[in-house]
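Just so it is clear, none of the values below were taken in a lab; they were calculated from the coordinates. Keep in mind the model is a prediction, meaning the values are calculated, not measured. In this analysis, Cβ positions are derived from the backbone assuming ideal geometry, glycine residues included, and neighbour counts consider all displayed protein chains.
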Amino acid sequence: GQSLEQPSEVTAVEGAIVQINCTYQTSGFYGLSWYQQHDGGAPTFLSYNALDGLEETGRFSSFLSRSDSYGYLLLQELQMKDSASYFCALGSWGKFQFGAGTQVVVTP
Amino acid sequence: DGGITQSPKYLFRKEGQNVTLSCEQNLNHDAMYWYRQDPGQGLRLIYYSQIVNDFQKGDIAEGYSVSREKKESFPLTVTSAQKNPTAFYLCASSPEPGQGATEAFFGQGTRLTVV
């Protein structure tokens, strides 16, 4: 089977940089993706890594190291609206497996 | 506009009753999924379908059933056999499952409460 681990909560101030780590165990996968979910809302796609390395999308960047079974999401120039839950997900043929999520709390 | 529509947004059910949650997509995606989310928890996979008339059980399929008679529709039935059905249910879809799932598009969810 597959399993993913993320920290449960991270707190940071506006303007700061936050890194959310995701470690996983799997027998095979195509890529690691990241989603944002505000309270009561639907998850929205942020970023995807099929290959090792860094993918940059505006203020958000995602990194994958297959050899270390590890990835992270980097949130830069934090804004109040970034307060949300963030999930990593493994994509394998036909389905996605999600981590338990990291609650990011941004303070003034 | 293309997207995924879930209905209803809120649903109340009496214990012992079956209830069906609707999920429709007009994105022309082959793959569709149902997830359950409990408060403060991640998303757990209930069922998924890669093609019409075919679907597979996810991690928590007991007490649920699905059908995939049309590409755009993937309804979920929560049966009376589901011991703790109160949760937030999310439907999703993605293109090209045969080439590896890369991105899932989610509906706005249905919040089911058993009363």
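With each label point set 7 Å from Cα along the Cα-Cβ vector, what nm distance links A:GLU5 and B:ILE51?
That separation, rounded to one decimal, is 3.9 nm.
Would you please name the GluC sites (Glu not before Pro) within segment A:16-94 that are DSSP coil residues with at most 12 other C-beta atoms within 10 Å of their C-beta?
Answer in residue order: A:GLU77.
Determine the alpha carbon to alpha carbon distance for each of A:LYS81/B:LYS9; B:LYS9/B:LYS71; A:LYS95/B:LYS9; B:LYS14/B:LYS70; B:LYS14/B:LYS71; A:LYS95/B:LYS70 and list only those over 26 Å.
With Cα atoms farther than 26 Å apart: B:LYS14/B:LYS70; B:LYS14/B:LYS71.
Measuring from centroid to centroid over Cα atoms, what is the spacing of segment B:21-47 and segment A:1-23 in Å?
Cα centroid to Cα centroid, the span is 23 Å.
Report the local net charge at B:PHE74: Lys and Arg +1, Asp and Glu -1, summed over other residues whose C-beta lies under 10 Å from its C-beta.
The answer is 0.
Can you pull the one-decimal nm distance between simple spin-label points at A:ALA50 and B:THR79, each 7 Å off the Cα toward Cβ?
Going by the 7 Å Cα→Cβ label model, 3.9 nm.
Counting Lys and Arg as +1 and Asp and Glu as -1, what is the net charge of the other residues whose Cβ lies under 13 Å from the Cβ of B:GLU62?
Net local charge, B:GLU62 excluded: +3.
What shape does the protein assembly as shown take by its C-alpha gyration tensor, where a ≥ b ≥ c are the square roots of the eigenvalues and a/c under 1.5 counts as rounded, a/b above b/c as prolate, and the rest as oblate?
Here the protein assembly as shown falls in the prolate category.
Report for chain A the percent antiparallel among DSSP-assigned beta bridges with both residues inside it, nearest 5.
90 percent
Can you pull out the cysteines in the protein assembly as shown that have no other Cys Cβ under 4.7 Å?
Among the cysteines of the protein assembly as shown, none has its Cβ 4.7 Å or more from every other.
Please give me the summed charge of the neighbours of B:ILE46: other residues whose Cβ is under 15 Å from its Cβ, Lys and Arg +1, Asp and Glu -1. Don't skip to the end; give the middle numbers.
On the way: positive: A:LYS95, B:ARG36, B:ARG44, B:LYS57, B:ARG68, B:LYS83; negative: B:ASP38, B:ASP59, B:GLU62.
Charge balance in the 15 Å sphere: +3.
Identify which of B:GLN50, B:GLN17, B:GLN37 has the largest mean-square fluctuation in a Gaussian network model of chain B, with springs joining Cα atoms closer than 10 Å.
For chain B, modelled as a Gaussian network with Cα springs under 10 Å, the answer is B:GLN17.
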